[in-house]
């Protein structure tokens, strides 16, 4: 295995260097097939981080060949650079493994290895829409866990489909909720509490899978009303002052060369929010333009909301533009913390007003007749 | 210049470097015109003033290697050296950006304590 990893690493290193020199004008379908070969080898050698970076590099190169308008230069450069850094480290694999086994293991990465956990009580408190044209569409659902060892944690469920023309993320909300009893559609989980049994769970990443284990059972709490004050009250755990954010997220944070320019650190619940102003940063073509919304809130540290102008964020941007100048404050916004550009920046996952959670990124969902018929006649 | 302006300027300089290198990564090193190149040369001085010495060192080395490209065909090892410099500069700029962001946010939060 030692010799092989070194050999593969040398090939990948040479390949990325040649891409850096020649640019993308020489890239062809035959040429990017090489990445598929590298990806296969990296996965076999259990170099998971390298395999992941190669997978994304492959996606971006394919997007470049297929449709340049959806190619994202920042993602391309990030994954090209990651592939190069990792392969460079593995070129002298034996040395690295002997002298710095911890670093070696961290660079190899680990496979997400879910374990089955018995009981969860969950409530959706945030949604992120994913719309990578030509690649995938879907959602990341952010659940607040209300029971057991994961209580008060935010657990993520990724619901994604390969991109097809005409398929929008919202259409996935009409799909069957896997393993649900009674049979329901995904949309149901936006307003109801769910109880789940035998769910695969990755503790390190706080990821759950509602769909992977046929023995999982998802019970919809039909009695749970749309009044979600219980879960909203629990979000107070994520309401933090400046000192608490510093202690929790920044004090011992170590930067690595593999950090995304905008990596998520944690979640934050911001209260009494006013959107004061907004502006658009960045020029089309050079990089993804970003809308920056200035906020005031109950605490005294400055916060901004940064939303990149991507297909999946367009509705979110429109909704936040409407909030500018609102006379009454927004009760709360539940967000991810993503420090960027020297600022404490947030990406909003939900808005809370009058004890109701809403998801500003969701387009109004048209009635789905198929789902209606199914629930009326209980057809499975 | 205030501390905020200093930070803003540092981000702007890193941004210019990233944009120039992104252009090279799309169009290839041969697309680099004299005008583009002189902009990168000017930045080395700026980076030194800002105490970004490692980045400045690699940008200088990149520029020196570019000058040797007059030789045709370009020797393989020179091509390789230039690519390595580009990829190093990208990684260093990325780390610097991340460190600057985290340090700025730390300052903001300490002020709010």
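Determine, from the Cβ-Cβ distance of residue A:354 and residue A:105 and an R0 of 45 Å, the FRET efficiency 1/(1 + (r/R0)^6), rounded to the nearest 0.05.
After rounding to 0.05, the efficiency reads 0.35.
Rounded to the nearest 500 deg cm²/dmol, what is the calculated helix-only ellipticity per residue at 222 nm for chain A, with -39500 (n - 2.57) per DSSP H run of length n ≥ 4?
-9500 deg cm²/dmol, from helical runs alone.
Work out, in µm²/s and without decimals, the Stokes-Einstein translational diffusion coefficient of the stretch A:229-348 at 25 °C, 0.890 mPa s, Rh from Kirkwood over C-alpha pairs.
Here the translational diffusion coefficient equals 160 µm²/s.
Under a plain spin-label model, where a point goes 7 Å from the Cα along Cα-to-Cβ, how far apart in nm are residue A:281 and residue A:18?
3.8 nm
Relative to the longest principal axis of chain A, what angle (0 to 90°, nearest 10) does the C-alpha long axis of helix A:2-22 take?
Rounded to the nearest ten degrees, it is 80.
Hey, fewest Cβ within 10 Å first, where do A:83, A:335 land in order?
Fewest to most other Cβ atoms nearby, the residues stand as A:335, A:83.
With both partners inside the protein assembly as shown, how many of the DSSP beta bridges are antiparallel, as a percent to the nearest 5?
Of the beta bridges lying entirely in the protein assembly as shown, close to 90 percent run antiparallel.
What whole-number distance in Å separates the alpha-carbon centres of the stretch A:30-59 and the stretch A:274-338?
36 Å
Where Rh denotes the Kirkwood radius from the mean inverse Cα pair distance, what is Rg over Rh for chain B?
Rg/Rh for chain B comes to 1.06.
If you stretched the chain out fully between residue A:314 and residue A:236, how much longer would it get, using 0.36 nm times the residue separation minus the C-alpha to C-alpha distance?
Separation in residues times 0.36 nm, less the Cα-Cα distance, equals 25.2 nm.
Considering every Cα-Cα pair within the protein assembly as shown, what fraction, in whole percent, is farther apart than 44 Å?
19 percent
For residue A:256 and residue A:149, what is the calculated FRET efficiency with R₀ set at 30 Å and r taken between the beta-carbons, to the nearest 0.05?
E between residue A:256 and residue A:149, to the nearest 0.05, is 0.60.
Exposure proxy check: A:333, A:207, A:352 ranked by fewest other beta carbons within 10 Å?
A:207, A:352, A:333
Taking the 0 to 90 degree range and rounding to the nearest ten, how far is the long axis of helix A:29-44 tilted relative to the main principal axis of chain A, both from C-alpha atoms?
80 degrees
Using a Gaussian network for chain A with springs between C-alpha atoms less than 10 Å apart, which of these wobbles most: A:171, A:191, A:18?
A:18
In which sequence would B:101, A:288 go, from the one with the fewest C-beta neighbours within 10 Å to the one with the most?
A:288, B:101
For chain B, what does the helix formula give at 222 nm: sum of -39500 (n - 2.57) over DSSP H segments with n ≥ 4, over the residue count, nearest 500 deg cm²/dmol?
When only DSSP H runs of four or more count, the value is -29000 deg cm²/dmol.
To the nearest 10 degrees, how steep is helix B:53-67 against the longest Cα principal axis of chain B, on a 0 to 90 scale?
Tilt of helix B:53-67: around 20 degrees.
Rule-based calculations on the coordinates, nothing more; no lab input. Since we're looking at a predicted model, the values are computed, not measured. All Cβ positions, glycine included, derive from the backbone under ideal geometry; neighbour counts span all protein chains shown.
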